[in-house]
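**Q** Please see the structure below; I have some questions.
The values are calculated or read from the model by the stated rules, or taken from the named source; none is laboratory data. Just so we're clear, the structure is a prediction, and the values are computed from it rather than from any experiment. A quick note on method: Cβ atoms are made from the backbone with ideal geometry, for glycine too, and the neighbour counts reach across all protein chains shown.
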Amino acid sequence: MGDGRDDLAARADEDGIEFFLAMFVDLHGKPCAKAVPRSSLNMLMDGGAGFAGFAAGDMGQGPADPDLTVLPDAASYTRVPWKPGVAVLHCDPQVGGDPWPYAPRVILKRLLEQLGTERGWVLKTGVEAEYSLLRRTPEGGLEVADALDRSAKPCYEVKGLTRMWDFLSTLSRNMNELGWGNYANDHEDGNGQFESNFTYSDAVTTADRTIFFRYMVHMLAHDAGMCATFMPKPFSDVTGNGLHTHLSLWTTGDEPLFDGDGDALGLSKLAYQFVAGLLDHGRASAGVICPTVNSYKRIGVGAPNSGSTWAPAYVAYGGNNRSLMLRVPDGGRVEHRAVDGSANPYLAAAVLLAAGLDGVDRALDPGEQTTDNLFALSPDEIAARGIAHLPGSLDRAVDELVDDAVLRRALGVLPDGSDFVDYFAGVKRAEFDAYHSTVSQWEIDRYLTQ
Ligand code: ADP
Ligand code: MG
Ligand code: MG
Ligand code: MG
Ligand code: MG
């Protein structure tokens with residue numbers, strides 16, 4: 001069959017697969033699945049798996065709507081290394097036989113297909129999915145799982161790394177068994193915070209792997225009696241969890257388009273235009289790449305105990321400078337450091353692609369690179385350089401997002417003729433309002449006896 005099911009069945013049988021997890025995510029990146037026995041593989045490939053979209057999450061459906069039918073992408077087959085006999089199939093949701101334009105994977109695939117057919121290009125991405133390993137306290141609170149991990153400067157600390165050896169080595173082995181090319185694992189800047197790197201790939205594969213990676217980290221942590229989180233800022237005085245996203249364009253013939261021989265940053269003219277597009281849409285993109293109330297605690301608050309947030313507050317680009325939103329560590333790619341652990345990786349890749357391509361289409365120039373340490377400058381000094389601030393809260397970010405015509409067009413149109421971005425904004429405004437309708441400890445401290 002043309003849907004790759006013969007190869008899929010052969011691989012599954014070789015791996016002794018008994019169950020497939022037919023998986024998809026909603027707007028927030030929540031992974032949903034049904035477990036489908038191997039004996040029903042043909043049924044799954046023919047008719048997909050059915051879900052009540054309203055129950056799954058924010059999928060643009062109400063309780064009275066027809067089934068969301070999710071169809072497996074055979075090429076996404078991923079054995080679940082810690083659960084013998086189980087494999088994940090990432091799926092594309094449909095309703096009534098048509099791709100469902102609310103589904104993040106459908107949105108990204110549409111843009112990548114256009115990129116290939118209209119320009120002959122491919123987007124490759126690599127992500128750094130930082131996470132924290134925590135434990136629930138008997139009182140219902142949360143603390144760093146490793147009680148000894150208290151130092152004010154824990155980054156790269158070998159003893160903290162070694163105390164998590166069982167977890168980290170299992171995770172590394174799993175990634176490498178899957179052929180992801182895990183090449184480094186380290187203790188990051190926050191207490192309890194780690195990063196396990198895997199090699200870049202085409203943008204859909206990387207987004208699928210990001211979803212799988214989060215699932216794997218959560219489950220391995222659970223098995224070890226811990227609670228993993230990718231939340232952007234679990235503690236206000238500890239460095240938050242980013243999802244730095246490295247981007248490069250290639251031809252469909254695998255020729256790199258961002259390499260610039262002889263250029264100071266090693267970027268091509270096309271890459272500079274792409275960077276300029278990322279800057280131009282920097283504030284509006286925040287609504288999608290920093291998509292939760294908590295995101296703005298990561299990029300907004302002052303330096304934590306370790307001395308730096310490592311998260312950008314301003315829209316600027318430059319070389320190997322970690323105080324900027326866009327960093328060019330080596331030639332041939334650009335790193336976007338604003339994306340955080342609460343981002344939906346499909347939607348994040350979609351808006352970054354659209355932003356960058358707009359820079360290419362308008363032949364934008366990003367201007368001189370920033371060489372300053374922006375963490376050390378005052379707001380006035382930043383303003384004097386003409387550098388914009390990222391939005392300070394989710395509601396402000398969403399206001400900018402809905403006003404961005406390029407991102408609006410890229411995210412697509414819904415069956416009723418309205419734009420996905422307005423649906424997204426509605427969900428996010430409700431999220432912000434729900435947060436804003438609770439009384440916090442800060443308010444008590446600030447106003448009780450004022
Ligand atoms: P750093 O911590 O310095 O930002 P990492 O090594 O943690 O860097 O992560 C770098 C990421 O960038 C990896 O996922 C890597 O595979 C990816 N990457 C490297 N080259 C490219 C490229 N040309 N296009 C996209 N991603 C890339
Ligand atoms: Mg039922
Ligand atoms: Mg890194
Ligand atoms: Mg990191
Ligand atoms: Mg990085």
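Yes/no per residue for (1) within 16 Å of ligand 4 (Cβ to nearest atom); (2) under 25 Å from V144 (Cβ atoms):
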position	(1), (2)
W180	no, no
D186	yes, yes
G190	yes, yes
Y200	yes, no
A207	no, no
C227	no, yes
S236	no, yes
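**Q** Counting only residues that are surrounded by fewer than 21 Cβ atoms within 10 Å (Cβ to Cβ) and within 27 Å of P345 (Cα to Cα), how many does the stretch 34-44 have?
**A** 3
**Q** Let me ask something else. I'd like to check something: does the stretch 362-377 contain any residue that is part of a helix (DSSP H, G or I), closer than 16 Å to A284 by Cβ and away from ligand 1 (no atom under 16 Å from the Cβ)?
**A** no
**Q** Answer yes or no as to whether N185 is within 13 Å of ligand 1 (Cβ to nearest atom) and not in a loop (DSSP other than H, G, I, E, B).
**A** Answer is yes for this residue.
**Q** Working only within the stretch 322-345, note down all residues that are within 15 Å of ligand 3 (Cβ to nearest atom) and in contact with an Asp or Glu (Cβ under 8 Å, 6 or more places away or on another chain).
**A** The answer is R327, V328, P329, G341.
**Q** Select, from G62, G116, the only residue that is more than 28 Å from A12 (Cα to Cα), assigned to a helix (DSSP H, G or I) and either more than 16 Å from ligand 1 (Cβ to nearest atom) or out of contact with any helix residue (DSSP H, G or I) (no Cβ under 8 Å at 6 or more places or on another chain) (or both).
**A** Testing whether each residue is more than 28 Å from A12 (Cα to Cα), assigned to a helix (DSSP H, G or I) and either more than 16 Å from ligand 1 (Cβ to nearest atom) or out of contact with any helix residue (DSSP H, G or I) (no Cβ under 8 Å at 6 or more places or on another chain) (or both) leaves just G116.
**Q** In this structure, is A145 among the small types (G, A, S), within 16 Å of ligand 1 (Cβ to nearest atom) and touching a residue at least 12 places away in the same chain (Cβ under 8 Å)? Steps first, answer last, please.
**A** Numbers: among the small types (G, A, S): yes; within 16 Å of ligand 1 (Cβ to nearest atom): no; touching a residue at least 12 places away in the same chain (Cβ under 8 Å): yes.
When the stated conditions are applied, A145 does not pass them.
**Q** Still on this structure, I have one more. Which one is farthest from the chain's Cα centre (by Cα) among residues in the stretch 216-256 that are within 16 Å of ligand 5 (Cβ to nearest atom) and assigned to a strand (DSSP E or B)?
**A** Across the stretch 216-256, the extreme among qualifying residues is S248.
**Q** Which condition does L220 not pass, out of (1) modelled with pLDDT of 95 or more; (2) farther than 26 Å from A87 by Cβ, if it passes all the others?
**A** Unmet for L220, out of (1) modelled with pLDDT of 95 or more; (2) farther than 26 Å from A87 by Cβ: (2).
**Q** What pairs come up if the first residue lies in the stretch 66-93 and is charged (D, E, K, R), the second is in a strand (DSSP E or B) and crowded, with 18+ Cβ neighbours inside 10 Å, and their beta carbons are under 7 Å apart, counting only those six or more places apart or on different chains?
**A** Between residues of the stretch 66-93 that are charged (D, E, K, R) and residues that are in a strand (DSSP E or B) and crowded, with 18+ Cβ neighbours inside 10 Å, the close pairs are D67/F51; D73/L89; D73/H90; D73/C91; D73/D92; R79/A87; D92/V70; D92/L71.
**Q** If I filter the stretch 173-185 down to residues being surrounded by fewer than 17 Cβ atoms within 10 Å (Cβ to Cβ) and within 28 Å of L142 (Cβ to Cβ), which single residue comes out as nearest to ligand 3 (Cβ to nearest atom)? So that I can check it myself, show each step before the final result.
**A** Initial filter on the stretch 173-185 (surrounded by fewer than 17 Cβ atoms within 10 Å (Cβ to Cβ)): 173, 176-177, 179, 181, 183-184.
Now narrow it down to the ones that are within 28 Å of L142 (Cβ to Cβ): 173, 184.
Values: R173: 20, A184: 8 Å.
This residue is A184.
**Q** Which of the residues that make up the stretch 386-398 are touching a residue at least 60 places away in the same chain (Cβ under 8 Å) and either surrounded by fewer than 19 Cβ atoms within 10 Å (Cβ to Cβ) or part of a helix (DSSP H, G or I) (or both)?
**A** Correct list: A388, H389, G392, S393, L394, A397, V398.
**Q** Related question: Restricting the stretch 297-320 to residues that are hydroxyl-bearing (S, T, Y) and farther than 16 Å from P366 by Cβ, which is nearest to the chain's Cα centre (by Cα)?
**A** Within the stretch 297-320, the first condition is being hydroxyl-bearing (S, T, Y), and the residues that meet it are 306, 308-309, 314, 317.
Subsequent filtering for residues that are farther than 16 Å from P366 by Cβ retains 306, 308-309.
Values: S306: 24, S308: 22, T309: 18 Å.
Filtering the stretch 297-320 for residues that are hydroxyl-bearing (S, T, Y) and farther than 16 Å from P366 by Cβ, the one nearest to the chain's Cα centre (by Cα) comes out as T309.
**Q** Just a yes or no: is a residue in the stretch 117-127 within 16 Å of ligand 3 (Cβ to nearest atom) and not hydrophobic (A, V, I, L, M, F, W, C)?
**A** yes
**Q** Being on the phi > 0 side of the Ramachandran plot and either part of a helix (DSSP H, G or I) or within 23 Å of the chain's Cα centre (by Cα) (or both) is the filter here, so list the residues in the stretch 411-437 that pass it.
**A** G412
**Q** Here's something else I'd like to know. Anything in the stretch 241-265 that is over 23 Å from R362 (Cβ atoms) and in contact with a Gly (Cβ under 7 Å, 6 or more places away or on another chain)? List them, or say none.
**A** N241, G242, L243, H246, T252
**Q** Here's a check for you: in the stretch 1-16, which residue that is closer than 12 Å to P72 by Cβ and in contact with a Phe, Trp or Tyr (Cβ under 8 Å, 6 or more places away or on another chain) is surrounded by the fewest Cβ atoms within 10 Å (Cβ to Cβ)?
**A** A12
**Q** Could you tell me whether the stretch 333-348 includes any residue that is surrounded by fewer than 19 Cβ atoms within 10 Å (Cβ to Cβ) and more than 16 Å from ligand 5 (Cβ to nearest atom)?
**A** The answer is no, given that none of the residues of the stretch 333-348 is surrounded by fewer than 19 Cβ atoms within 10 Å (Cβ to Cβ) and more than 16 Å from ligand 5 (Cβ to nearest atom).
**Q** Same structure again: Sort out which residues of the stretch 289-312 are part of a loop (DSSP other than H, G, I, E, B), more than 16 Å from ligand 5 (Cβ to nearest atom) and touching a residue at least 12 places away in the same chain (Cβ under 8 Å), and write them in order of number.
**A** Hits for the stretch 289-312 are P291, T292, V293, N294, V301, A303, P304, N305, G307.
**Q** Follow-up. Which condition number in (1) of a type outside the set (V, I, T); (2) assigned to a loop (DSSP other than H, G, I, E, B); (3) in contact with a Leu (Cβ under 8 Å, 6 or more places away or on another chain) is the one that R135 fails?
**A** (2)
**Q** Moving on to the next point. Only residues that are at pLDDT below 95 and of a type in the set (D, E): list them for the stretch 380-439, please.
**A** D380, E381
**Q** What do you reckon, is S268 within 22 Å of the chain's Cα centre (by Cα), farther than 17 Å from V339 by Cβ, more than 16 Å from ligand 3 (Cβ to nearest atom) and surrounded by fewer than 23 Cβ atoms within 10 Å (Cβ to Cβ)?
**A** no
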